[in-house]
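The values are calculated or read from the model by the stated rules, or taken from the named source; none is laboratory data. From a predicted model like this one, the values you see are computed outputs, not experimental measurements. Here Cβ is always computed from backbone atoms with ideal geometry, including for glycine, and neighbour counts include all displayed protein chains. Surface accessibility is based on the protein's heavy atoms, side chains included, excluding ligands, DNA and RNA. Shrake-Rupley method; radii C 1.70, N 1.55, O 1.52, S 1.80 Å.
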Amino acid sequence: MEQTLSIIKPDAVQKGVIGKIIDRFESNGLRIAAMKKVQLDEKTAGGFYAVHAERPFFGELVSFMTSGPVVVMVLEGENAMAKNRDLMGATNPKEAAAGTIRADFAESIDANAVHGSDSLENAAIEIKFFFSENEVL
Ligand code: GDP
């Protein structure tokens, strides 16, 4: 059993597709082990994306991620990290395979509906960033 972190980003929350996105996870064998809706502040969003701090789009990324509430989840299941990445589709929704979350719900490379941990190592770090042990059930 693996665990991975998923975030439904402000664009998808604003669109009212939280339920549709969660359905993709549950219909594909991923269980919601933890979940909360939060408004990220600049410090939290910047800390979460610290690995991208030197990238040219870092400012835009932080500004977008703080533009409205997000839903943060721990997904659990067999191959949860890779499975979630497959369900999400490519970073740029224009390149995302048909039927993926980003192809169906995202508009642009920054407003791209979801975040998902890209390695098991990062998943463990990201889960700890948002949840204490007794919140992951
Ligand atoms: P992910 O793992 O598929 O989310 O992609 P990355 O880890 O490479 O990038 C993290 C996030 O930064 C992406 O989900 C996008 O929201 C954002 N991002 C990546 N590349 C760009 C870009 O070229 N421009 C902008 N504005 N945002 C980007």
Quick one: how many residues across the range 1-29 are loosely packed, with under 14 Cβ neighbours inside 10 Å and small (Gly, Ala, Ser)?
4
Testing residue 104 on (1) open to solvent by 60 Å² or more (accessible area, probe 1.4 Å); (2) within 12 Å of the chain's Cα centre (by Cα), one condition comes back false. Which one is that?
(2)
Odd one out for residue 84, checked against (1) within 18 Å of residue 123 (Cβ to Cβ); (2) open to solvent by 60 Å² or more (accessible area, probe 1.4 Å); (3) among the polar types (S, T, N, Q):
(2)
On the given criteria, is residue 115 near the ligand (Cβ under 8 Å from one of its atoms) and surrounded by 19 or more Cβ atoms within 10 Å (Cβ to Cβ)?
yes
Among the numbered conditions (1) over 17 Å from residue 11 (Cα atoms); (2) under 12 Å from the mean Cα position of the chain (by Cα); (3) within 14 Å of the ligand (Cβ to nearest atom); (4) open to solvent by less than 20 Å² (accessible area, probe 1.4 Å), tell me where residue 46 comes up short.
(2)
Search result, residues across the range 105-137 that are among the acidic types (Asp, Glu) and touching a helix residue (DSSP H, G or I) at 6+ places or on another chain (Cβ under 8 Å)
107, 110, 118, 126
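Yes/no per residue for (1) modelled with pLDDT under 95; (2) closer than 22 Å to residue 11 by Cβ; (3) surrounded by fewer than 14 Cβ atoms within 10 Å (Cβ to Cβ):
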residue: 31; (1), (2), (3): no, no, no
residue: 59; (1), (2), (3): no, yes, yes
residue: 71; (1), (2), (3): no, yes, no
residue: 78; (1), (2), (3): no, no, yes
If you check residue 91 against the conditions, is it among the β-branched types (Val, Ile, Thr) and open to solvent by 10 Å² or more (accessible area, probe 1.4 Å)?
yes
